[in-house]
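Structure first, commentary second.
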Amino acid sequence: MAETLLEIKDLTHRFGGLTAVSDLNFEIIKDEIVGLIGPNGAGKTTVFNLVSGFYVPSEGDILYKGERINGLKPHEIASRQIGRTFQNIRLWSDMTVLDNIKISQHYRLGYNLMDAFLQTKKYKKHEKMIEDDAHELLEEFQLSDLAHEMPKNLPYGIQRRVEIARALSLKPALLMLDEPAAGLSSSDVSELIQYIQWIKENFKLTIWMIEHQMQVIMSLCSRIKVIDFGKELVTGTAEEVRNSPEVIKAYLGDGEI
Amino acid sequence: MTDIPALAKRNSRLPVSTMAILALFALMVGLTMAGVINKYIQSVLMFIGINIIFSASLNIVNGYMGEFSCGHGGFMAVGAYVSSVLSVVLFTENSFTGQPLLPPGSAIFLFPVVIIIGGLVAAVFGLLVAIPSFKTRDDYLAIITIAANFIIVTLINNIGAVGGSRGFMGMKKSLKAMEAVIDLPYMIIWIFIFVVLSIVMIRRLMNSTYGKGISSIRYDETSAEIMSVNTNHMKLVAFMFSSGLAGIAGGLFAHVMGFVNPASFSIFKSTEGLVMVYLGGMGSLSGSVLSAVIFTLMLEALRPLQILKWVLIPLMLILLMQFRPEGLLGNRELSDVFPKLKRIFIRKDSSNG
Ligand SMILES: Nc1ncnc2c1ncn2[C@@H]1O[C@H](COP(=O)(O)OP(=O)(O)OP(=O)(O)O)[C@@H](O)[C@H]1O
Ligand SMILES: [Mg+2]
């Protein structure tokens, strides 16, 4: 039985007079890797920002595991275990990699201000749990050696990896990746493909990704939605999308496909 | 993995820093009681302590959280007035209630409670800036903090019962009541204790994953929210804790002076706080302590210049921002600059190895 994880219903978002997302519908099924593509400015990132609570939609609903999440604050949505990365990496670049991972466990802190002041048993227990989990995650991502480095001192490709690891410290059921291949060299890109596959299997999650590099989208996604000017063009398999006349038309003159 | 050795190491380290603090405490109280250090040096020491609390608490907001509060003096005023009025009404003959409400000798236990209540009320006043901070940032928030400072000072100026602009006094009598029970240098003792408590609390908070949520706002607030940090909650904690500690500094200040007036807590006071924070380094706790010591001594040295010091202090701020905007210690702690100190003072394992 296919189980719907995320359901987007008639989603519309306007920035003043500009309609960035228009009447969009989408269902994301548990355990799949789905893609969201479209030319520059199509509204892809805006869709992610709507789902993660960064904007409140002008119209429509977003249901996660059957619960309506639009209108919730981003941290409340994160606490429901939706993780994401950003098109332009947004790590806390002046805090250590370890701190980046630890802070992202605020949703399950388990102690309060007084516990921190008094360093109670509860505080120590939860801090240890957070610290241990952070180290475990870094180990899985082969980042242990960099635990005490600042992201600003790391190469771009590694920063991408740290950002994905950070998103996973939310223990998400849904991971949203906004252009994970942006800025990577072609050898890094093929590594990234295997990497995303590994993440899906290893952490047993559903992945929703935006990507311009067709190689990535085509080799990973079981379904792809194409949007342009905030509107849906087609949804289908890689093959269907590639042969769709609307898509070809939308991308005509856009060198990236 | 290596729990047991780590614990053992911890236990052997803990007393060194604690003992150093106790020794300093004994030394200061001992020398004071023996009459070795005169009243002037005592008062300089006490102002250093008060300034440490004042600058370290401002550092929570301006350093760790990266907002720019310029109204910290206002919260100091709240703590100063609340604890002064309480102390006068509870322990001394006064114009409000005539007889003291409690036996004056009880001040010996209740004095710290009175100071803490001043801090708590100041923390509530911290909401004046905490709530706007949910929606406002940077320059706009800075303006709000200045406004908060003005509101508080103007309110006090207009409350006749506490003397308005003439100020309020009588706190020396509370101290006399305490000294009548046992003769101890109470202010030195309590300032020392409150300094240690403030530093320990700030350090514990900022080293915890919880408190690091405050620093995550400084580096990227959007990221913080997306990564499950309740940023409004963290701002509330930061502003209230910060202004609460300023209130405690204010209560102690009022009792050292024996007299307070609203003008002592104007934007000038807030500026002193800014100079100390930026001199020490944003987000560096030991920097705040160090700069509070340097700054207090410098103020004493400049005392003969009187009002001209208000040319020199802002000038210092300008030069600091021009030539060393990161302050003496930048983001680091003394223990990062002198690793040997780390072995002695850093209990929590934050080593790089
Ligand atoms: N905060 C905002 N305010 C106003 N307009 C915005 C805002 N964010 C995005 N837009 C506009 O909305 C449209 C969609 O932007 P969006 O960032 O979602 O596109 P995208 O599909 O992610 O593009 P790209 O592939 O370049 O990342 C664009 O025209 C953009 O200029
Ligand atoms: Mg985008």
From the options B:43, B:57, residue that is within 19 Å of residue B:185 (Cα to Cα) and touching a helix residue (DSSP H, G or I) at 6+ places or on another chain (Cβ under 9 Å): B:43
Selected residue (only one of A:220, A:233 is away from ligand 1 (no atom under 16 Å from the Cβ), touching a residue at least 40 places away in the same chain (Cβ under 8 Å) and farther than 30 Å from residue A:131 by Cα): A:220
Where a residue in region A:164-182 is among the small types (Gly, Ala, Ser) and its partner, wherever it lies, is part of a loop (DSSP other than H, G, I, E, B) and open to solvent by 10 Å² or more (accessible area, probe 1.4 Å), with Cβ under 8 Å and at least six apart: A:173/A:30; A:173/A:65; A:173/A:81; A:181/A:212; A:181/A:213; A:182/A:87; A:182/A:212
Listing of helices (runs of 4 or more DSSP H) fully contained in region B:101-164 that carry 3 or more residues being β-branched (Val, Ile, Thr) and buried (at least 19 other Cβ atoms within 10 Å of the Cβ): B:107-125, B:138-157
For residue A:24: the one exception among (1) within 16 Å of ligand 2 (Cβ to nearest atom); (2) within 21 Å of residue B:224 (Cβ to Cβ); (3) of a type outside the set (Asp, Glu): (2)
Residue match in region A:97-108 (condition: surrounded by fewer than 18 Cβ atoms within 10 Å (Cβ to Cβ) and not β-branched (Val, Ile, Thr)): yes
Which numbered condition residue A:21 misses (of (1) away from ligand 1 (no atom under 16 Å from the Cβ); (2) in contact with a Pro (Cβ under 9 Å, 6 or more places away or on another chain); (3) within 21 Å of residue A:241 (Cβ to Cβ)): (1)
Residues of region A:35-58 classified as in contact with a Leu (Cβ under 6 Å, 6 or more places away or on another chain) and either within 8 Å of ligand 2 (Cβ to nearest atom) or among the hydroxyl-bearing types (Ser, Thr, Tyr) (or both), total: 1
Subset of region B:281-313 [in a helix (DSSP H, G or I) and over 28 Å from residue B:39 (Cβ atoms)]: B:285, B:286, B:287, B:311
Close pairs from region B:197-213: first over 11 Å from residue B:285 (Cα atoms) and facing chain A (nearest Cβ under 9 Å), partner of a type in the set (S, T, N, Q) and assigned to a helix (DSSP H, G or I), Cβ under 8 Å, at least 6 apart: B:213/B:231
Those residues of region B:215-234 which are surrounded by fewer than 23 Cβ atoms within 10 Å (Cβ to Cβ), within 7 Å of another protein chain (Cβ to nearest Cβ) and farther than 16 Å from residue A:76 by Cα, in sequence order: B:219, B:220
Some residue of region A:39-61 being within 13 Å of ligand 1 (Cβ to nearest atom), away from chain B (no Cβ under 14 Å), open to solvent by 60 Å² or more (accessible area, probe 1.4 Å) and among the polar types (S, T, N, Q): yes
Selected residue (criterion: least open to solvent (accessible area, probe 1.4 Å)) from residues of region A:174-189 that are farther than 19 Å from residue A:78 by Cβ and either within 13 Å of ligand 1 (Cβ to nearest atom) or among the basic types (Lys, Arg) (or both): A:181
All positions within region A:71-87 that are within 16 Å of ligand 1 (Cβ to nearest atom) and either touching a residue at least 60 places away in the same chain (Cβ under 8 Å) or of a type in the set (A, V, I, L, M, F, W, C) (or both): A:84, A:85, A:86, A:87
Restricting region A:87-99 to residues that are more than 22 Å from residue A:128 (Cα to Cα), facing another protein chain (nearest Cβ under 8 Å) and not aliphatic (A, V, I, L, M), the residue that is farthest from ligand 2 (Cβ to nearest atom): A:94
Answer residue from region A:64-75, given it is out of contact with any strand residue (DSSP E or B) (no Cβ under 7 Å at 6 or more places or on another chain) and open to solvent by 60 Å² or more (accessible area, probe 1.4 Å) and is nearest to the other protein chains (Cβ to nearest Cβ) among those: A:73
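The values are calculated or read from the model by the stated rules, or taken from the named source; none is laboratory data. Note that the coordinates shown come from a computational prediction; the quantities given were computed from them, not determined experimentally. With ideal geometry, Cβ positions are generated from the backbone for all residues, glycine too; neighbour counts draw on all protein chains shown. Accessible surface is based on the protein model in full, side chains and every heavy atom, while ligands, DNA and RNA are left aside. Shrake-Rupley method; radii C 1.70, N 1.55, O 1.52, S 1.80 Å.
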